[in-house]
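Here's the structure, in structure tokens; my notes come after.
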Amino acid sequence: MMRINDEITLQDWEITESFIRAAGPGGQNVNKVATAVELRFEAERSPNLPAPVKTRLRRLAGRRWTQEGALVLQVSETRSQARNREIARERLAELIRKACHRPKRRIPTRPTLASKRRRLDAKSHRATIKAHRTTPPQDG
């Protein structure tokens, strides 16, 4: 059982962890020990997540969201299997906390009359500066 915040607690059946061999440097150790962790969270089937949180979580997860509606996190930062497992669980909790936060609705605003006037004055001022750069006509 994993506690995210006051309202959300994940059950053990929702999270599955498998350990895989990590890529990259590590000498002989990397070929022998499966230290990298692949955490799979069945987000779509989770009864503890409200629908809006699931939608926001899907957007935050991006490519880590599978077609079956699961969130897959891979961690191979340390050579310790236990530490990688902790990191993966922390990342999952952080993602869910972010998804719980409702974004503030943007209220469209219109520019004020003074700001429109300032913009147009700046444009005309710039135009006169550029107009003065031309070479004066030659009387011939």
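The values are calculated or read from the model by the stated rules, or taken from the named source; none is laboratory data. Here the structure is a predicted model, which means the values were calculated and not measured. Cβ coordinates were reconstructed from backbone atoms using ideal geometry, including for glycine residues, and neighbour counts include every protein chain displayed.
Suppose we keep only residues that are over 14 Å from Leu95 (Cα atoms) and hydroxyl-bearing (Ser, Thr, Tyr) within the stretch 37-70. Which one would you say is surrounded by the most Cβ atoms within 10 Å (Cβ to Cβ)?
The selected residue is Ser46.
On the basis of being hydroxyl-bearing (Ser, Thr, Tyr) and modelled with pLDDT of 95 or more, does Thr78 make the cut?
Judged against the criteria, Thr78 is not a match.
For the stretch 92-131, name all the residues that are assigned to a loop (DSSP other than H, G, I, E, B) and of a type in the set (A, V, I, L, M).
Ile107
Looking only at the stretch 48-73, which residues are of a type outside the set (D, E, K, R), in contact (Cβ under 8 Å) with a residue 40 or more places away in the chain and outside any loop (DSSP other than H, G, I, E, B)?
Pro52, Val53, Leu57
Tell me the residue from Ala43, Ala34 that is modelled with pLDDT of 80 or more, more than 22 Å from Gly62 (Cβ to Cβ), hydrophobic (A, V, I, L, M, F, W, C) and in a loop (DSSP other than H, G, I, E, B), please.
After applying the criteria, what remains is Ala34.
Kindly establish whether Leu73 is of a type outside the set (Ser, Thr, Tyr), in contact with a Phe, Trp or Tyr (Cβ under 9 Å, 6 or more places away or on another chain) and either surrounded by 10 or more Cβ atoms within 10 Å (Cβ to Cβ) or at positive phi (or both).
yes
Would you call Ile20 in contact with a helix residue (DSSP H, G or I) (Cβ under 9 Å, 6 or more places away or on another chain), of a type outside the set (Lys, Arg) and surrounded by 12 or more Cβ atoms within 10 Å (Cβ to Cβ)?
Considered against the rule, which asks whether it is in contact with a helix residue (DSSP H, G or I) (Cβ under 9 Å, 6 or more places away or on another chain), of a type outside the set (Lys, Arg) and surrounded by 12 or more Cβ atoms within 10 Å (Cβ to Cβ), Ile20 comes out as no.
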